[in-house]
Amino acid sequence: MYVRIHIKPTTMKKIILTVLLCLPLLTLQAKTINAPILTVQEYSVQELAKYFADYYGADYKEFYSTGWCESGWNPEAQGDEKRANNVLQIHEPTFNQWAKEMGEELDYNSTYDHIKVGAWAFSQGESYRRAWTAYRALKNGGTYSFYSKLLNKHYTVHCNYIVK
C-alpha cells in the first residue's frame, strides 16, 4: 500500500525546526521506537502531470498535450540547441524565475520539479502558457510558425491534443 504525501517546503521547514528544537529533550529520554517503514512509490511523468495539474488547477488536457508535443514526456529531451531540457523543455532562467515566483527552491535537473513548476505556470494564465511554442500550436489549430532571431532560424511547430 502506498500513500501520497505532499508537504509544502514551508511546512517541511517548520517540521525540521521543531525536530531540531526538541532533539535535546529526546536524548534525555532515549527509547527504541519501532517506527513504520515508509515506501516511496515512483510515479510516471504522466501521473505527476495529472497530480500537479489538479493540485494547481491547470487544464490537464492542455498541460499534458503541451508536454507530449514538447518532449513526448521524455526526461532526457533537449531542445533549442540544448538550452532547454527535460519533459517540458523549460529554459533555466525561466524555470528559476517561476520557482522564485512560487516561493520555492526547485532543482532545474529534477523531472519532478519541472512538472511541478510547469503545472504551476499553466495555472497562472495565458501569458505563462504562451512560453511554450507547443501550446501556441495547440491554440492555433495544431501549427505555429515563428522566426528565432537568437538562432537565426525559422521554425514550425505541430501539436494536437493528446489525452491519456
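Taking every alpha-carbon pair under 8 Å whose residues sit at least 6 apart, the range 45-158 reaches a relative contact order of 23 percent. Over 25 Å apart at the Cα level, from the set LYS50/LYS149; LYS50/LYS82; LYS50/LYS100; LYS116/LYS153, are LYS50/LYS149; LYS50/LYS82; LYS116/LYS153. As a calculated quantity, the FRET efficiency between ASP54 and PHE146 at R0 = 30 Å, using C-beta atoms, amounts to about 0.45.
Classified by the C-alpha gyration tensor, the range 75-119 has a prolate form. Its axis ratio a/c, with a ≥ b ≥ c, is 1.5 or above, and a/b is larger than b/c. Hey, quick one: spin label on GLN78, modelled 7 Å out along Cα-Cβ, who in the range 106-141 has an amide N within reach, i.e. under 17 Å? Residues 108-111 qualify, since their backbone N sits under 17 Å from the label point. In angstrom, the C-alpha Rg and Dmax of the range 45-158 are 13.2, 39.
In the neighborhood of LYS139, defined by Cβ-to-Cβ distances under 13 Å, what is the net charge if each Lys or Arg adds +1 and each Asp or Glu adds -1? Don't jump to the answer; show the numbers that get you there.
Values: positive: LYS61, ARG129, ARG130, ARG136; negative: ASP59, GLU62, GLU126.
Counting the neighbours of LYS139, the net charge comes to +1.
The range 67-83 and the range 90-122 have Cα centres lying 15 Å from one another. Residue by residue, the range 113-119 carries 3J(HN,Hα) couplings of 6, 4, 5, 4, 5, x, 5 Hz when phi is fed to the Karplus relation 6.51 cos²θ - 1.76 cosθ + 1.60 (θ = phi - 60°); x denotes Gly or Pro.
Each reported figure results from applying straightforward, stated rules to the coordinates on display, with no laboratory input. Everything quoted here is computed from the prediction, not taken from an experiment. Using ideal geometry, Cβ is built from the backbone for each residue, glycine included, and neighbour counts are taken over all protein chains shown.
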